[in-house]
Every structure is written in C-alpha cells, then in structure tokens.
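Colleague: My questions will all concern the structure given below.
The values are calculated or read from the model by the stated rules, or taken from the named source; none is laboratory data. Note that the coordinates shown come from a computational prediction; the quantities given were computed from them, not determined experimentally. Backbone-built Cβ (ideal geometry, glycine too); neighbour counts: all protein chains shown. Side chains are part of the model used for accessible areas, which takes the heavy atoms of the whole protein and leaves out ligands, DNA and RNA. Shrake-Rupley method; radii C 1.70, N 1.55, O 1.52, S 1.80 Å.
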Amino acid sequence: IAVALSHAYSRTILDAATKLQLFTFTRVAGAGGIPLTNNEFEGTIFLPLEAAWSPLLTRLGMDLNTLLRNQPLCAAIVNYHMIPQRILRTQSSFMPLPGQATVTNLPGQGVVTYRVPVIRNGKLGDNFFVQGVIGPVSQLVKFDNGVAKGVYHVISAPLVPDLSFLLGPAPASPPLLPSPNVYSYIATVPALSWSKQFIDIAGLSAVMSQPTFSATLFLPTNDGWALGAKQLGLTLPQLITRTRNDLLMLLQNHVVNEPRPLSSLPDLTTLTAANLIKLYIRDNLSTGQKVVAAPKSSAFLTTTDTFVGLSVIYQISNTLLA
C-alpha cells in the first residue's frame, strides 16, 4: 500500500541533515565511517535534534571531540539510528496494537516504539515516541519525510543502544535525579513567576509536572502578562482574580500540543493552539526576531528554544489574546 510522504523530500541523508542543520549527527557519522550520501537508501533513519546531544555525551562520560576520536563507538551510535525497513508514522505497522513493537538493528539490540497518553485539546490522545535500549524517551518531532528511497524522522533525543560490547560493563549508576519537567523548570525562572501563578490557578501544575507532557509553550514574561492585562483593561492583580476557566482558556492560547523547536518554525509557519486558535510565526526583518501572532495580539520570542523533558519553551514579550 502506498503511503504519501511529507513534502520535505531529500535526495540523501546528508542532504536532509544539512538542511535541518543537524551537523553533530553528520560529524559523528563521518567519524564512524558511515556514508550518508547513498541515494539508494531504502530504510528508515532517526535524526536527533542538534541541541539534544549533550545528555548523550554526559551519559557516555565524554565530550564530543573524544567521541569523534572513537570510530567504532561513532559507527555503533549512527547505525543504531538506521533501520533497514521503511517505518512510517502514518502506518499502523509503526505501532501495532496492543503493546510494544521492537525493530532489530544491531545484533541483540532493538528500537522500541510505543504510545503514551498526553493531554490534547483537553482529552487523552496519542503521541508517538521511540526509545533505545538505554537512554531517554525521544519524541518524533518531524515524521514521514522522504529521503532517497526511504524515510526519515526527526527525534528529540539520540537513541542509545547497549554499548557494553565497546565500553565494557557500565559502572554502578549514581542515584537518579528527578526527571526534568516543565512545571519545575518554570518555577525556577524569575521572569516566569506570573506564568507559574496562572498555571497553579488554572489547575495545570500536575499535568505539566508529568515527564510525558509534550508541548510547545509560548510563555509571557512577567512584563508580557502585565502588557496583556493592560490590553484587556485590567491590572495583573485583577487578571489573576478571574475565574479558573477564564485563566485556563487564556493559557491555552499559549500551548501547542506538540514540541516545535526553532529549526521547525520558518517564516509563515501556522500552528494550532490547544484551544484550536491559529498562531502564526513571522520573521521581523528589522529586529531579526521571531514573532508569534494570535488573533488579537502578537509577541516577540525573547529567548531561543529551551528543551525541558519532551517539551519546548519560549519566553515571549506579550500575552497572546484571542
């Protein structure tokens, strides 16, 4: 059965990774002697986001230069992201029900794909994730893109096989630290203290504390909330005394139910917020900043993409009003 691929077609894996600015992956592949220029590639490749390599290097106990000097290790990591058969997100074969599916690559290794419940428009929905034998759960950020005769998916973190055959037995693990979550991160940022208060009153703190919470959040700074309150003819203290439902609806203007890193937000991108309003991403040519526009207001992105768990957070200069 033929399945249509995304319009983001690339002739080779190298072309796809270069267009997406995933330069660490191409460097690791080069150091491992893995060619990425085969235009006859017929399988599936998972391409990790550029910003996601640091946790893997920390787990391996080495910096990037040390990794690049280890040819067998580089080859093992890159090969683990390449699956011989085409696996499409839009095909049920990507996630047979019920349970989990394992696709074998390296001898004795597997890539496990599965679904977890997430909040989507107020209901339980499904997001697709993929996980190696070791390491964090990784979400499909972009999927079903054609490359050569195969397909590529962009994922939020590198996949990690069992590398004991190269590195020897793993040392005893230190005590696990709590997994990062969106709510605990927001609580540590002084400029987002009003965002935290709104989240608490709207009853979203438990949802945003879940490690499986996956979204893009455009969070106004404290000054941004004050500006939005002024546009509504209110002060911030008056705004925060609105009903829980009012604040929930206002917060939903700022949430997109999938992670969208900056590299996936070119000029004229259209996003759908949690309450189904449209958000539009624009490039401001005079300042060089990104702008996110809602029906009744717009805001500058004042920070770059911040990855927290499976989510992406941007601070913005104004409240998004609909």
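Colleague: Could you tell me which residue of the stretch 31-73 is nearest to Pro261 (Cα to Cα), considering only residues that are of a type in the set (Val, Ile, Thr) and out of contact with any Phe, Trp or Tyr (no Cβ under 8 Å at 6 or more places or on another chain)? First the steps, then the outcome.
Modeller: In the first step, residues of the stretch 31-73 are kept if they are of a type in the set (Val, Ile, Thr); the result is 34, 37, 44-45, 58, 66.
Next, from what is left, pick out any that are out of contact with any Phe, Trp or Tyr (no Cβ under 8 Å at 6 or more places or on another chain): 34, 37, 58, 66.
Working: Ile34: 27, Thr37: 26, Thr58: 22, Thr66: 27 Å.
Result: Thr58.
Colleague: Can you tell me which residue in the stretch 181-190 is nearest to Leu247 (Cα to Cα), limited to those that are part of a helix (DSSP H, G or I) and either in contact with an Asp or Glu (Cβ under 8 Å, 6 or more places away or on another chain) or without any contact (Cβ under 8 Å) to a residue 60 or more places away in the chain (or both)?
Modeller: Top of the filtered list is Tyr183.
Colleague: Same structure, new question: Of all residues in the stretch 277-295, which are among the hydroxyl-bearing types (Ser, Thr, Tyr), loosely packed, with under 15 Cβ neighbours inside 10 Å and closer than 18 Å to Gly224 by Cβ? Walk me through it before giving the result.
Modeller: Of the stretch 277-295, the ones among the hydroxyl-bearing types (Ser, Thr, Tyr) are 280, 286-287.
Filter once more, so that each one left must be loosely packed, with under 15 Cβ neighbours inside 10 Å: 286-287.
Across the stretch 277-295, the qualifying residue is only Thr287.
Colleague: All but one of (1) open to solvent by 40 Å² or more (accessible area, probe 1.4 Å); (2) in a strand (DSSP E or B); (3) in contact (Cβ under 8 Å) with a residue 24 or more places away in the chain; (4) among the polar types (S, T, N, Q) hold for Thr272; which doesn't?
Modeller: (3)
Colleague: Another question, if that's okay. Return the residues of the stretch 251-268 that are open to solvent by less than 20 Å² (accessible area, probe 1.4 Å) and farther than 26 Å from Ile201 by Cα; say none if nothing qualifies.
Modeller: Selection gives Pro261, Ser264, Leu265.
Colleague: Let me ask another. From (1) touching a residue at least 40 places away in the same chain (Cβ under 8 Å); (2) closer than 13 Å to Phe198 by Cβ; (3) open to solvent by 80 Å² or more (accessible area, probe 1.4 Å), pick out the condition that doesn't hold for Leu232.
Modeller: (2)
Colleague: Could you run through the stretch 46-72 and say how many residues are outside any helix (DSSP H, G or I) and either hydrophobic (A, V, I, L, M, F, W, C) or in contact with a Ser or Thr (Cβ under 8 Å, 6 or more places away or on another chain) (or both)? Give the steps one after another, and end with the answer.
Modeller: Applying the first criterion (outside any helix (DSSP H, G or I)) to the stretch 46-72 yields 46-49, 61-63, 69-70.
Now narrow it down to the ones that are either hydrophobic (A, V, I, L, M, F, W, C) or in contact with a Ser or Thr (Cβ under 8 Å, 6 or more places away or on another chain) (or both): 46-49, 62.
Residues meeting the conditions: 5.
Colleague: Say whether the condition of being modelled with pLDDT under 90, in a loop (DSSP other than H, G, I, E, B) and in contact with a helix residue (DSSP H, G or I) (Cβ under 8 Å, 6 or more places away or on another chain) is met by at least one residue in the stretch 207-218. Can you show your working first?
Modeller: Going through the stretch 207-218, the residues modelled with pLDDT under 90 turn out to be 210-215.
Still in the running and in a loop (DSSP other than H, G, I, E, B): 210-215.
Those left that are additionally in contact with a helix residue (DSSP H, G or I) (Cβ under 8 Å, 6 or more places away or on another chain): 213, 215.
Checking the stretch 207-218: at least one residue is modelled with pLDDT under 90, in a loop (DSSP other than H, G, I, E, B) and in contact with a helix residue (DSSP H, G or I) (Cβ under 8 Å, 6 or more places away or on another chain).
Colleague: Okay, moving on. Show the residue pairs that are 6+ apart or on different chains and have beta-carbon atoms under 7 Å apart, the first residue being within the stretch 290-313 and free of Cβ contacts under 8 Å to residues at least 40 places away in the same chain, the second being assigned to a strand (DSSP E or B) and of a type in the set (Phe, Trp, Tyr).
Modeller: Once the first residue is free of Cβ contacts under 8 Å to residues at least 40 places away in the same chain and sits in the stretch 290-313, its partners that are assigned to a strand (DSSP E or B) and of a type in the set (Phe, Trp, Tyr) give Val291/Phe300; Ala293/Tyr280; Thr303/Tyr314.
Colleague: Right, next: Can we say Tyr314 is touching an Asp or Glu at 6+ places or on another chain (Cβ under 8 Å), closer than 28 Å to Leu47 by Cα and either among the aromatic types (Phe, Trp, Tyr) or in a helix (DSSP H, G or I) (or both)? Steps first, answer last, please.
Modeller: On the way: touching an Asp or Glu at 6+ places or on another chain (Cβ under 8 Å): yes; closer than 28 Å to Leu47 by Cα: yes; either among the aromatic types (Phe, Trp, Tyr) or in a helix (DSSP H, G or I) (or both): yes.
Against the criterion (touching an Asp or Glu at 6+ places or on another chain (Cβ under 8 Å), closer than 28 Å to Leu47 by Cα and either among the aromatic types (Phe, Trp, Tyr) or in a helix (DSSP H, G or I) (or both)), Tyr314 qualifies.
Colleague: Exactly one of these conditions fails for Thr287: (1) at pLDDT below 90; (2) under 19 Å from the mean Cα position of the chain (by Cα); (3) of a type in the set (Val, Ile, Thr). Give me its number.
Modeller: (2)
Colleague: Counting only residues that are within 20 Å of Val308 (Cβ to Cβ) and at pLDDT 70 or above, how many does the stretch 121-158 have?
Modeller: Residues in the stretch 121-158 being within 20 Å of Val308 (Cβ to Cβ) and at pLDDT 70 or above: 10 in total.
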